[in-house]
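Here's the structure, in structure tokens; my notes come after.
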Amino acid sequence: MSQEVFDAASHITHHRDSSGRYSLIHSPVYSHDGLQYRLNHDPDNKSSNPLRKEIIDTFIKQLRAIQSHYSEVYGFRFDLSVPDGMSTKDSNILISELFTRLRGEFTAKAWSNQPIKKFAYGWVREKEKAKQVHYHCWIALPYFQVRTAGFGNEGMIGRITRIWSDLTDGVSRVHLPQGRYIIRQGDHDSLVAMVKRISYLAKNRGKGGDKKGQPKIFSSSRLQMKVRETEKS
């Protein structure tokens, strides 16, 4: 397994708000389950925000899970706006429905003449000052079936746009940022690249809890690591 060696150590602090306890990573590198990752955070830059550990941990676990099932995985991130004035409870319901509908479409034999059996995803909800609630998302799929995010109304992003438009009565948009990633089994550095990209989603800014019991600020797929035959014996 290839792995780039990083020098810095993780600096983590622990906090609590009205929604409960959480931890913040204040370092540009992070160790999880014995492996190291680069993060989208520069502690020397005042505009850079520390990252929520619980979000990073969840997303890394899901990316490692999908990596364990396929020799190559294709991943990208996308952003979603929501209708003005919509409650976080209702918008969270729409996000869950988006991925439920995608999973339904993946059952068709339209992907190299077979369904997409496994995929991983994650999302975070944010609301910064004077801004409407919005969502940052990522998705990772088997590369032999999905080799591009598409563009506009075409490809995977086209499906996401169509579903999201239907769920929001056509008033909300999907944005596809730059950055596409191929994660390979046995190549940790390829995983590091996507983790750094989606670590931006875990920034603490915009995620503060101002109400007790407010809807969750992030979620993900629940894919399990593949158990190798050697591990079964």
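A few notes on this one:
- Three-way shape label, the stretch 1-126, alpha-carbon gyration tensor, a/c 1.5: oblate
- Apportionment of accessible area to carbon and sulfur, the chain, percent (1.4 Å): 47
- Placing pseudo-labels 7 Å out from each Cα toward the beta carbon at Ala110 and Val227 gives an inter-label distance of 3.5 nm.
- Applying 1/(1 + (r/R0)^6) with R0 = 22 Å to the Cβ-Cβ distance of Arg173 and Gln214 gives a FRET efficiency near 0.35.
- Average Cα contact separation per residue, the chain, under 8 Å, 6 or more apart, as relative contact order %: 30
- Projected label distance in nm at Lys131 and Ser96, using a 7 Å step from Cα toward the beta-carbon: 2.5
- Mean Kyte hydropathy of -1.0 or more with a Cα span along the axis of at least 20 Å, helices from DSSP in the chain: 53-69, 88-106
- Calculated FRET value between Arg159 and Asp44, using beta carbons and R₀ = 35 Å, to 0.05: 0.30
- Packing-based order for 64-77, 185-198, 100-113, 154-167, using average beta carbon neighbours within 10 Å, highest first: 64-77, 185-198, 154-167, 100-113
- Longest to shortest principal axis, alpha-carbon extents of the stretch 97-231, angstrom: 49, 35, 29
The values are calculated or read from the model by the stated rules, or taken from the named source; none is laboratory data. As the structure is a prediction and not an experimental result, all values here were calculated from the model. Cβ atoms come from the backbone with ideal geometry, glycine included; neighbour counts cover every protein chain shown. Heads up: the accessible areas ignore ligands, DNA and RNA and are worked out on the full protein's heavy atoms, side chains in. Shrake-Rupley method; radii C 1.70, N 1.55, O 1.52, S 1.80 Å.
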